[in-house]
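Here is the structure we will look at.
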Amino acid sequence: MKKIIFALIFVIALSCSTDSETDSLVDFTEQNEQEIQDYIQDNNLNAQRSATGLYYVIDEPGSGERPNSNSNVTVSYRGFFTDGTVFDESDANGVSFDLQQVIPGWTEGIQLFGEGGSGTLLVPSRLGYGNRDFRGIPAGSVLIFEVILISVN
């Protein structure tokens with residue numbers, strides 16, 4: 001009887017892990033691309049696309065030091081979804097962080113600016129939080145950030 005119960009628990013555990021693995025295989029690439037293209041068109045943006053699929057608009061390139069992927073930076077930002085709903089923002093003084101400790105879209109995007117630079121990053125989910133929900137951000141979400149690079153620390 002103990003062997004049957006153990007086998008049953010093992011099968012249930014295995015089936016649960018398979019379901020979550022299947023959920024993580026959802027590919028939002030095409031959906032995100034269309035959502036970003038629609039947002040760009042609806043908002044009349046002159047956005048560029050990087051090789052990774054990050055879209056960006058540079059309003060002001062900045063004249064100061066440019067960060068690299070290992071830099072610690074201070075950035076003022078507002079993050080929102082394509083429907084305009086704000087999910088996070090800093091105050092005018094910004095927030096300091098290491099570019100290796102943020103989503104890949106930020107690691108790549110913040111390097112496009114020099115100190116004093118500003119613009120918009122349009123981040124597909126594969127460069128954001130991917131296939132997982134994160135602090136109120138649904139899995140597969142396109143994230144838009146208006147950013148000002150205050151300083152490279």
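Please treat every number below as a calculation from the coordinates, not as lab data. None of these values were measured; they are calculated from a predicted model. Glycine gets a Cβ as well: all are built from the backbone with ideal geometry, and neighbour counts include every protein chain shown.
Listed peptides 131-138, 96-103, 108-115 appear in the order 108-115, 96-103, 131-138 once ranked by packing, highest mean of other Cβ atoms within 10 Å at the front. Once the chain from Thr52 to Asp133 is taken as fully extended at 0.36 nm per residue, the excess over their C-alpha distance is 27.0 nm.
Once the Cα-Cα distance is subtracted from the 0.36 nm per residue extended length, the Ala92 to Glu30 segment shows a gain of 18.8 nm.
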